[in-house]
1. What FRET efficiency comes out for the pair residue 13/residue 258, r = Cβ-Cβ distance, R0 = 45 Å, nearest 0.05?
2. I need 104, 55 ordered by Cβ neighbour count within 10 Å, fewest first.
3. In deg cm²/dmol and to the nearest 500, what is the mean residue ellipticity at 222 nm of the chain if only DSSP H runs of at least 4 residues count, each as -39500 (n - 2.57), divided by the residue total?
4. Residue 265 versus residue 126, label points 7 Å from Cα toward the beta carbon: distance in nm?
5. Quick one: grab the alpha carbon gyration tensor of region 167-288, order the square roots of its eigenvalues as a ≥ b ≥ c, and give me rounded if a/c is under 1.5, else prolate or oblate depending on whether a/b is larger than b/c.
6. Provide the gained length on full extension for the span residue 80 to residue 93, in nm with one decimal, where the gain is 0.36 nm per separating residue minus the Cα-Cα distance.
7. Could you put 16, 5, 27 in order, starting from the residue whose Cβ has the fewest other Cβ atoms within 10 Å?
8. If the elastic network links every pair of Cα atoms under 10 Å, which of 96, 191, 242 fluctuates the most in the Gaussian network model of the chain?
Ligand code: CU
Ligand code: CU
């Protein structure tokens, strides 16, 4: 059992160990494989097939397993490394230490939004993007989208989601109006920035590479998703008498979501792991 820590509490040695393990995984090719997995499973409501990663109840367990896979790869390089989490309700500005030169690096420059500082700057030679949905080979960020400003989600948005006693509701997609899962995933009927709340709003705030299917190319992806995973963990502790995952059984034939979402005991590709196997992480890791 190991501990995932708040990134703001890491020592400089811990920050360095994390960054070095990520760079080594990139050098070995394993990082790009993870990016490809995320691109392959980036399907939306409009696609006809099974959705396991986004706009779906298994958004949380799929990313829990995805984080574990990343973390295990890092631990093969350095057994002491764990994935830190970014509490964006507190560390909510471009001035946060998260974006320092010895950790995630800074904002993108004007024009092409290319990140020029820190270990993941393309110009420093260790972070060429190879799996992408555009031709770009460099990490791009546009923190806060100054041309169309967006803020990071306030604590109240997270508290509202945590207070919902129901894990997820039909139709089990981006239009589910209540339920913890979509309140945290963050799809709303709005347009522009208002369409994106909580988890989605954070992707939108970082902007650049963090938007869309290839978001994993920005290492802050993992710190963001570790916090999402921590929020799921908090929700579970806060609602011990609620069904810990829904739907419990597959939607019946005739239901528009039949064959399109993973129920509690259905394996999620590509991992082959069932949501039911991921509900309790306490024997693997805990959150500080
Ligand atoms: Cu994702
Ligand atoms: Cu995400």
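Every number here is computed from the coordinates shown, using simple stated rules; none is lab data. Because the structure is a prediction, the values reported are computed rather than measured. Counting neighbours? That spans all protein chains shown, and the Cβs are built from the backbone with ideal geometry, glycine included.
1. 0.30
2. Values: 104 26, 55 23.
The fewest-first ordering by Cβ neighbours comes to 55, 104.
3. On the way: 7 runs with 90 residues, N = 288.
Only helices count here, giving -10000 deg cm²/dmol.
4. My value for the distance between the label points is 4.7 nm.
5. On the way: a/c = 1.56, a/b = 1.17, b/c = 1.33.
Here region 167-288 falls in the oblate category.
6. On the way: separation 13, 0.36 × 13 = 4.68 nm, distance 2.88 nm.
Result: 1.8 nm gained on full extension.
7. Values: 16 14, 5 18, 27 11.
If I rank by nearby Cβ atoms, fewest first, I get 27, 16, 5.
8. 191
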